[in-house]
Amino acid sequence: MANKKGIGWIILGILGIMCILFFVGYRLAYALTTGEETITIKEKWVKYHHGRAKYLVSSTDGQVFQITDTIIRWRWDSSNLYAKLEPGMTCKIKTQGWRFPLFSDYKNILEADCNQSNITYS
């Protein structure tokens, strides 16, 4: 009987390690997946969840993007980028990640080159 309890703890430990590895792997893959596209900004808003703010921007083609700080890219000025983007602007953006509703993840805008004044925001 004691042997069965030991095996149960081993299985539980393995499952716990697998969950941790999945989460770390997911976050790393999200941060390292990049892309570029051109969008026209439809609207922007701030979503609050458990006292934390997430800056969101939608495009005229129905996509939603987030603008957040990122440790892997060493970017800490997401508020500045969000403040400079306005509805109606057409921007070439560099993104990281992908849309995954289960984790409430959106593509993260890292840089935006907008046509309004030929200024690059990053």
Among 112, 60, 102, flag the residue with its Cα farthest along the positive direction of the charge dipole of region 35-121, charges on Cβ as +1 for Lys/Arg and -1 for Asp/Glu.
102
Pairing rule first: another cysteine's C-beta must sit under 4.7 Å. Under that rule, which cysteines of the chain stay single?
19
In degrees rounded to 10, the 0-90 angle between helix 2-32 Cα long axis and the longest Cα principal axis of the chain is 10
Using 1/(1 + (r/R0)^6) with R0 = 35 angstrom and r between the beta carbons of residue 90 and residue 52, what's the FRET efficiency to the nearest 0.05?
0.75
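Using Cβ contacts closer than 10 Å as the measure, can you line up 114, 91, 19 from fewest to most?
So the ranking, lowest neighbour count to highest, is 19, 114, 91.
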Roughly speaking, what is the stretch gain from residue 104 to residue 31, that is 0.36 nm per residue apart minus the C-alpha to C-alpha distance, in nm to one decimal?
24.8 nm
Say a paramagnetic label sat at a point 7 Å from the Cα of residue 23, along Cα to Cβ; which residues of region 49-65 have their backbone N under 13 Å from it?
none
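Can you give the alpha-carbon Rg of the chain over 2.2 N^0.38 Å, where N counts its residues?
Values: Rg = 19.4 Å, N = 122, 2.2 N^0.38 = 13.7 Å.
This ratio for the chain stands at 1.42.
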Residue span residue 9 to residue 80: 0.36 nm per residue of separation minus Cα-Cα distance leaves a gain in nm of 20.7 nm
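Throughout, read-outs are computed from the coordinates displayed, never taken from laboratory work. On a predicted model such as this, the values are computed, not experimentally measured, just so you know. Note that each Cβ is placed from the backbone with ideal geometry, even for glycine, and that neighbours are counted across all protein chains shown.
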